[in-house]
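To start, the structure itself, in structure tokens.
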Amino acid sequence: MTGDKSKTWSKGRWIWLIPLALVLPVVLFFALRKPTDQPGFPPDPRLTLDSPFSNVRSDVRYVGDAVCASCHQDIADQYAEHSMGQAMHPTEQAPRHEGLDPSAAYQFQVGRLVYQVALRNGRMIHSESLLGREGTTLARIEEEAAYAVGSGTRGRTYIVNRQGFFFESPISWYRHTGTWDLSPGYEKRNMHFERPIQSGCLFCHCNFAFDDPNTMNRYAPPYFNGFVIGCERCHGPGELHAEKPRKSDGIDYSIVNPRHLPPDLREDVCQQCHLQGEERVVKAGRGTFDYRPGLPLNEFLAIFVKPLELTKGQKAVSQVEQMHLSRCYQQSGGALGCTSCHDPHRRIRETEKADYYRRRCLECHQKQPCSMPEVERRQVAAEDSCILCHMPRLQSNIAHTALTDHRVLRRPERDDASANAGPILASGIIPLRLFHADRVDGSRLDVQRDFGVAVVNVARRVEGQVPIVPFVRKAQSLLEPFLKQWPNDPSGWDALGYALRKQGLLVEARNAYMQALKYAPDREQTLTDLVDLALQSRRIEDALRYQRRLVELNPHYSIYHLKLADLLHQAGEWEASDAACRRALELNIALDDARRLRIANLLRLNRRQEAEAEFQILTEASSEEKPALEAWFRSLKQKLP
């Protein structure tokens, strides 16, 4: 009897398991499969795109120039003299184009700031001194120029390394004049030793930098993997080729040779750096240095340029944009490219340029030569240079330098019209065009996301000059669908947060910023925006909390310390505010706002003698008229008990 019941129970138990057995595989399928509707990021093109070249994959390792040179020594020796082969060095190892005398100091003065360059035990030291009205030195800061950027062909600028945070030195060397002067752009806005060097800046001056994508300018030791632009930046990682070349039909598919690429992919290799654009947006999920030669550049970087109506006759655009405007390029059917004229491995010396480039021109123009008779041509240029007339040197927007006009105009002097972007911006029309728009489906969410990020970047840049609400509304509509499907995109959330905040949607903006911090808790841009949002919402304590996090994240940036000092002052923490002011002045000796705030703190703390002494320094340091400063100081003292 017991046995029968046992059999019956056992049989019933298995009956109950039948529905479970049918349902379980379905449950497991949905539980264990990788989600397709919300993956972390769009697919990695290094894994998904087809290519006959096996080294485009993300798991193929870079081996370094020394391995390449072990078999290609002749090319390596030639390339070492090329400007790309001299793009960047640790300053101690850089060829001394500047002609520095180790026993001398070189200096120049801008207003009441004196800049000096000297060698000290083989290290290049840059200093900035602040002079008082009578010429006495009020403050001085000096930094080691850790890295020299530039081949020296036009000049060099220098990077200061503050414990892994990279800043540009205000001092640069210019070859044309053989002099030291302010770095490019500093004549309009002097940022002293505090222009952050972002990874996008280094992208075209070094082989590879270990950047932190969530900070403005922090890098991880050893900081660089190769200083100059290396072989693998144009040919892709060399691990497979170094192990065993794999030839098929005369082509080695273990490594990319750009000459075997179709024209568009071949040009992408050069466009990494020579297509500057108005905005360059790193694709979601990609890093600055992820691009692999042989794959479409637009799958890694979205490069936006001026609309066509703004480029007619334009000089101040990149070489690639200029070339695409040329009749030579347009009638070549895309065959004309950078390497049609340029040898990427060899430096063409000045004495051979005219002949070298004339021969390049005649490869296409042999049957239709120059309309000017040779006798007349040689009266203009004895060496019969094509480029002297058709690709003249232009003044660039970088001080002391010029660029070659790649528009290849038949009569350059008659075609120099330029357009003005001011009315376009003022009308709310976004002055951006995706350069590779012909390659992509504009309805793709990632393409729209890139445009949204670019629009926000433009809005940040022109805020206060033109109304930006039309910009940010457009950006919001482009960003939200992408983030709904692929939420793991801190850059996208930052952009959306800004777009919402500038429309007055403060709660929604905060939610967007919180999403960014969810995926990148120490994201510098997010924290910076959250401080502004908290102040806009009149939440001083929140602003103070986020600003403290910023100072912890980047303690080498005076602006962060000054803003912290201001918030601490508002919170009545005058001692802490004074300490923050002093730290800001250690990093930037010309920060008058820090001196003003320090005086206010000292008065609040009833340290009037110190306040008087600091005010005397301010009157000596500031460019503001002394009577105006004295009136401000009297007013400040009268407001205090």
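Listing for the model above:
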quantity	calculated
Subset of region 468-496 [over 23 Å from Met216 (Cα atoms) and either without any contact (Cβ under 8 Å) to a residue 40 or more places away in the chain or crowded, with 22+ Cβ neighbours inside 10 Å (or both)]	Ile468, Val469, Phe471, Arg473, Gln476, Ser477, Leu478, Glu480, Pro481, Phe482, Lys484
Where a residue in region 257-275 is touching a residue at least 24 places away in the same chain (Cβ under 8 Å) and its partner, wherever it lies, is surrounded by 20 or more Cβ atoms within 10 Å (Cβ to Cβ) and among the β-branched types (Val, Ile, Thr), with Cβ under 7 Å and at least six apart	Pro258/Val269; Gln271/Val320; His274/Val320; Leu275/Ile303; Leu275/Val320
Condition met for Ala499 (buried (at least 21 other Cβ atoms within 10 Å of the Cβ), over 24 Å from the mean Cα position of the chain (by Cα) and not in a loop (DSSP other than H, G, I, E, B))	no
Residues located in region 543-568, provided they are more than 27 Å from the chain's Cα centre (by Cα) and outside the structural domain of Asp592 (by TED's automatic domain parsing)	Ala543, Leu544, Arg545
Pair list, Cβ < 7 Å and 6+ apart or interchain, from region 117-128 residues that are on the phi < 0 side of the Ramachandran plot and in the same structural domain as Tyr158 (by TED's automatic domain parsing) to residues that are crowded, with 18+ Cβ neighbours inside 10 Å and polar (S, T, N, Q)	Met124/Thr91; His126/Ser169; Ser127/Gln116
Complete set of residues in region 318-369 that are surrounded by fewer than 18 Cβ atoms within 10 Å (Cβ to Cβ), assigned to a helix (DSSP H, G or I), under 30 Å from the mean Cα position of the chain (by Cα) and touching a residue at least 24 places away in the same chain (Cβ under 8 Å)	Thr339
Exclusive hit being under 30 Å from Ser51 (Cβ atoms), touching a strand residue (DSSP E or B) at 6+ places or on another chain (Cβ under 7 Å) and modelled with pLDDT of 95 or more, set Phe193, Phe224, Phe165	Phe224
Criterion (over 21 Å from the mean Cα position of the chain (by Cα), under 25 Å from Cys68 (Cβ atoms) and of a type outside the set (Phe, Trp, Tyr)) met by exactly one of Pro258, Pro293	Pro258
Answer residue from region 370-383, given it is of a type in the set (A, V, I, L, M) and in a helix (DSSP H, G or I) and is farthest from Tyr329 (Cα to Cα) among those	Val375
Those residues of region 72-98 which are in contact (Cβ under 8 Å) with a residue 12 or more places away in the chain and of a type in the set (Asp, Glu), in sequence order	Glu81, Glu92, Glu98
Number of positions in region 581-603 that are outside any loop (DSSP other than H, G, I, E, B) and buried (at least 18 other Cβ atoms within 10 Å of the Cβ)	15
Output for region 151-176, where each listed residue is touching a Gly at 6+ places or on another chain (Cβ under 9 Å) and among the polar types (S, T, N, Q)	Ser151, Thr157, Ser172
Ala402 surrounded by fewer than 14 Cβ atoms within 10 Å (Cβ to Cβ), of a type in the set (A, V, I, L, M) and at pLDDT 75 or above	no
Out of Asp450, Asp438, sole residue that is surrounded by 18 or more Cβ atoms within 10 Å (Cβ to Cβ), charged (D, E, K, R) and either modelled with pLDDT under 95 or not in a loop (DSSP other than H, G, I, E, B) (or both)	Asp450
Pairs, first within 19 Å of Asp343 (Cβ to Cβ) in region 222-233, second of a type in the set (Asp, Glu) and buried (at least 20 other Cβ atoms within 10 Å of the Cβ), C-beta under 9 Å, six or more apart	Val228/Asp65; Gly230/Asp65; Cys231/Asp65; Glu232/Asp65
Members of region 534-580 found to be in a loop (DSSP other than H, G, I, E, B) and over 28 Å from Asn606 (Cβ atoms), listed by number	Ser537, Arg538, Arg539, Asn554, Pro555, His556, Tyr557
Any hit, region 218-226, residues being of a type in the set (D, E, K, R), over 21 Å from Arg286 (Cα atoms) and assigned by TED's automatic domain parsing to the domain that holds Asp101	no
Which listed residue, of Ala628, Ala600, is out of contact with any Asp or Glu (no Cβ under 7 Å at 6 or more places or on another chain) and either under 20 Å from Ile540 (Cα atoms) or in contact (Cβ under 8 Å) with a residue 60 or more places away in the chain (or both)	Ala600
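Yes or no, residue by residue, for (1) assigned by TED's automatic domain parsing to the domain that holds Ala459; (2) hydrophobic (A, V, I, L, M, F, W, C); (3) loosely packed, with under 15 Cβ neighbours inside 10 Å; (4) within 26 Å of Glu573 (Cβ to Cβ):
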site	(1), (2), (3), (4)
Gln503	yes, no, no, no
Glu508	yes, no, no, no
Met514	yes, yes, yes, no
Ala520	yes, yes, no, no
Thr526	yes, no, no, yes
Asp529	yes, no, no, yes
Arg538	no, no, yes, yes
Glu541	no, no, yes, yes
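The values are calculated or read from the model by the stated rules, or taken from the named source; none is laboratory data. Predicted model only: the values in this text are computed from it and were never measured. Every residue, glycine among them, receives a Cβ derived from its backbone with ideal geometry; neighbour counts consider all protein chains shown.
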